[in-house]
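Following: one structure in structure tokens, then a few remarks.
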Amino acid sequence: MNDETKKKINARYESELNKGERFWPDSIYKDLIVSLGIFVLLILLATFIGVSPEPKADPSDTSYIPRPEWYFLFIFKFLAIYGQIPILGKIEWIATVAIPGVAVGLLTLLPFIEKRPDRHYVKRILPISIMIIMVVGIVLLTFTSEVPTVAADGSKMLGILQSISGLIIPTLAYIALILMSYVFKSSTRTMIWTTVLASVSMIIVSGTVLALHPKPVVEETEVATTLVDQITAGQDLYSIHCTECHGDDGSVAIIEGVEGLEGEEITPINSKDVLYTITDSAMYEVIAYGRPNAGMTPFGKAYGGELSKSEIDYMTIFMRYMWDDRFEAPVIAPLFPALADGEVPSYDVHIAPIAKRYCISCHRAGKENNNYLMTSYEEILTTGDNAENNIIAGDEKSYLLQVIQEHAIMNPDKPDEELIGVMPPSKALKPNVVDVFVRWIMNGVPQTADEAAALFAVPTPEPAATAAP
Amino acid sequence: MWKKVYEWLDERLGLNDMYTNLLDRPEPTGNWWNTLGSASLFLFVMQGLTGIFLTVYYTPSPDHAYDSVQYIMEGVAFGWLIRGIHHWGATLMVIVVFIHMLRVFFTASFKYPRELTWLIGIGLLLMTLGMGFTGYLLPWNQRAFWATTVGTQIAGSVPFVGEFILKALRGGPDLSALTLQRFFSAHIWMLPAMLAGLIGVHLFLIIKHGESHFPTKED
């Protein structure tokens, strides 16, 4: 750039300054308005959307699908698309290092590449077209980042469409634009139309990809954030994984009714001996590693169990706050709302939490339970070797009602052999829990709260009691 | 009385000079797109302030990081607001800085005499992304852990020096306490220090050359 051009540019800027504004207050005022707007937006986002809770990092959980921050998603998608190219696609570093490196390099050195002093967009159509296609591509790759390149049924349709919009169209458009600019000397109008055509077709192809791809069902992992939630989550997990051997309050000293561990003597885990001498991290480790010599299997995912780090943390928190007298437990909502006279319980509100706490420790897949599973409404009513007798709506001879009221069912063929023992085997249910089951079965096993409310028989109020002055 | 105080300060600080040189400058007729730079600066300051508050409770160790963030969200008064602003501020900052870059590109404001402003600006854009990358790991939750695992893996695919970069980033072959310490240090000391320094130079250059005017057919 020679001195004359520089002089011209500076003179041009002087003339703009002369008919311009003052930095203070004109420019600052606009800046302040925008910053204030951003501040308000930040507060609204923080208040109404917030930060979604996530479980604790768990290096052993290899089933977790890793995803980068949203602003790096496009690089990821680009990598996946690039990986489809035969032969070249196998050389990973071309896509991870070379291409982004060249792009960043070009962007950095832009003032030395585009040296002409022209600033109006009509005179800079090539760089502007390249940037527009680049930005459209980045935005589209970000939006399609959830779509796999190979569908679950092995079809490569989506992958091919994605490479058309994310790789082929932009590459062709870039070649065409560069040829138009340097070889054919095409008009600005033609180049603008080429850019528009490329961008629109990229948007259409990506739109098709998004429309074809069924929205994946995102598995929501529940994260307990408050202490009460953590204790409740811990109690539910304890009920499922530990009750079989340790009992629902941790007081079992001799294991009963567990195959392979029958009669094994253990220390009651709710005793002061255990709670006062074992730290939280030791407790965590016992649950995660198990006690192989004492017959306790590992529960942590890293050692072949099924519990994540967060889940084991919840269990230790539950044990501390509920059993350790040095900790003051917060007020915890009851397992199910108390029933009024004549009120009919429903599966959703009453039975489900009770079953989760007291039954599904054994009554779930993979345990010895006469094939009776209790994890859903359908399962409770229809599964099991004695499905036709387990729950008979309106019949107090339902096996379930008999066994939870300390009355074992005898085998009709061999009268001295138990078909089903009393349930739960270790400790009888509290009377109010039994009452919920009785009312539920006697009133026709309603599933939802609304169905149950329709069955609510209002008891006749006693006029004398309420009419007192 | 106030006049005397002002005069005393002016004599020593040069307040009047500052006013004429910094604030009462002529500018080309402004455009709303020209506010993106100051918006980026505002977001940087917000991130700095909320970040400083977060370090009061945050503990950068794998044993305590998650719980300390949990405590900020549940136990500390308005902790959820501070963390919420920091979380969303990061997202907004990446967007605003990127659009700021696009604006400068489309109006060709990077040309003579503002080439150096552009170079530093690209450095600021890359460092903003670096801040996002290092900050993402700090809550030590599943998403953070695995995002960093794959992110550092990509850095490890560089030919020849990839393995060295990977180990330098992670502080070993796998993500560990060292990685968290490293990212924490980069996130609260190294990158912000460099960012602040470069922002200073960026601002100096903007004041020196003035804001570029919106190009017309003459340009």
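Running Debye on the stretch A:154-253 with equal point scatterers at the Cα sites and no solvent, what base-10 log of I(q)/I(0) appears at q = 0.11, 0.20 Å⁻¹? The computed values of log10 I(q)/I(0) come out as -0.60, -1.00. Rg over Rh for the stretch A:253-387 works out to 1.01, both radii taken from alpha-carbon positions and Rh defined as the Kirkwood radius. Largest first and in whole Å, the equivalent-ellipsoid semi-axes of the stretch A:66-212 read 29, 18, 14, each the square root of five times a Cα gyration tensor eigenvalue. For chain A, the share of alpha carbon pairs falling in successive 10 Å distance bins from zero is 3, 12, 16, 17, 15, 12, 10, 8, 5, 2, 0, 0 percent.
The residues of the stretch B:90-125 listed by number as losing at least 50 Å² of accessible area in the complex, against the isolated chain and with a 1.4 Å probe, are B:Leu92, B:Phe105, B:Phe106, B:Phe110, B:Lys111, B:Tyr112, B:Trp118, B:Leu119. In a reduced charge model with +1 at each Lys and Arg Cβ and -1 at each Asp and Glu Cβ, the protein assembly as shown shows a dipole moment near 5360 debye about its Cα centre.
Counting only protein heavy atoms and a probe of 1.4 Å, the accessible surface of the stretch B:7-108 is 69% carbon and sulfur.
Placing unit charges on the Cβ atoms of the charged side chains and taking the dipole of the stretch A:227-323 about its Cα centre, the candidate lying farthest along the positive direction among A:Tyr238, A:Leu275, A:Ile255 is A:Leu275.
Heavy-atom accessible surface of the stretch A:1-123, averaged per residue, reaches 60 Å², computed with a 1.4 Å probe. So which residues in the stretch A:17-40 end up with at least 50 square angstrom less accessible surface once the other protein chains are there, compared with the chain by itself, probe 1.4 angstrom? At a threshold of 50 Å² (probe 1.4 Å), the residues of the stretch A:17-40 that become less exposed are A:Leu17, A:Glu21, A:Arg22, A:Phe23, A:Trp24, A:Lys30, A:Asp31, A:Val34, A:Ser35, A:Ile38. Here is how the number arises for chain B: DSSP H runs of 4 or more residues each give -39500 (n - 2.57), the sum is divided by the residue count, and the result at 222 nm is -22000 deg cm²/dmol. Structure note, pairs A:Lys30/A:Lys115; A:Lys8/B:Lys217; A:Lys77/A:Lys156; A:Lys115/A:Lys185: Cα-Cα distances above 21 angstrom occur for A:Lys30/A:Lys115. Length, then width, then depth: along the principal axes, the Cα atoms of the stretch A:257-313 run 32, 28, 17 Å. Overall shape: oblate for the stretch B:91-136, with the ratio a/c of the largest to smallest alpha carbon gyration tensor axis at 1.5 or above and b/c at least equal to a/b. By accessible area, using a 1.4 Å probe on protein heavy atoms only, the stretch A:66-212 has 78% of its surface on carbon and sulfur. For chain A, averaging the sequence separation of C-alpha pairs within contact (under 8 Å, six or more residues apart) and dividing by the residue count gives a relative contact order of 11 percent. Screening chain B for DSSP H helices whose Cα atoms reach 18 Å or more along their own axis and whose mean Kyte hydropathy is at least 0.0 gives B:36-55, B:79-106, B:115-137, B:142-155, B:191-209. Taking the charge dipole of chain B about its Cα centre, with +1 at Lys and Arg Cβ atoms and -1 at Asp and Glu Cβ atoms, the residue from B:Trp33, B:Thr128, B:Ile165 reaching farthest to the positive side is B:Ile165.
According to the Cα-based calculation, Rg over Rh for the stretch A:70-113 is 1.07, with Rh computed by the Kirkwood formula.
The GNM of chain B, with springs linking C-alpha atoms under 10 angstrom apart, assigns the highest mean-square fluctuation among B:Ser157, B:Ser109, B:Ser61 to B:Ser157.
Roughly how big is the A-B contact, given as buried accessible area in Å² (both sides, 1.4 Å probe, nearest 100)? That pair of chains buries around 7500 Å² in total. Counting only other chain Cβ atoms within 10 Å of each residue's Cβ, the peptide B:146-152 averages 5. If you wrap the tightest convex hull around every Cα atom of the stretch A:227-323 and split its volume per residue, you get 93 Å³. Membrane-span-like helices in chain A (whole DSSP H runs, Cα extent of at least 18 Å along the helix axis, mean Kyte-Doolittle hydropathy of at least -1.0): A:28-44, A:125-143, A:188-212, A:227-241, A:309-323. With protein chains left intact and a 1.4 Å probe, residues in the stretch A:227-323 average 49 Å² of accessible area per residue. For A:Lys301, the lysines whose Cα falls under 26 Å of its own Cα, not counting residues fewer than eight places away in the same chain, are A:Lys56, A:Lys309, A:Lys356, A:Lys367. Among B:Asp63, B:Asp17, B:Asp174, the largest mean-square fluctuation in a Gaussian network model of chain B (Cα springs under 10 Å) belongs to B:Asp17. Remark on the stretch A:347-454: Rg and Dmax equal 13.4, 44 Å (Cα only).
For chain A, adding -39500 (n - 2.57) for each run of n ≥ 4 DSSP H residues and dividing by the number of residues yields -13500 deg cm²/dmol at 222 nm.
Over every Cα atom in chain B, the radius of gyration and the widest Cα-Cα span, Dmax, amount to 21.4, 70 Å. With distances taken between every two different alpha-carbon atoms, the stretch A:86-153 has a Kirkwood hydrodynamic radius of 14.9 Å. Between B:Tyr112, B:Tyr66, B:Tyr136, the residue with the greatest mean-square fluctuation in the GNM of chain B (Cα pairs under 10 Å linked by springs) is B:Tyr112. In chain A, taking the dipole from charged Cβ atoms about the Cα centre, the farthest positive-side position among A:Tyr377, A:Gly154, A:Ala57 is held by A:Gly154.
The values are calculated or read from the model by the stated rules, or taken from the named source; none is laboratory data. What you see is a predicted model; the values in this text were computed from it and never measured. Positions of Cβ are generated from backbone atoms using ideal geometry, with glycine treated the same way; all protein chains shown enter the neighbour counts. Ligands, DNA and RNA are excluded from the accessible area calculation, which covers all protein heavy atoms including side chains. Shrake-Rupley method; radii C 1.70, N 1.55, O 1.52, S 1.80 Å.
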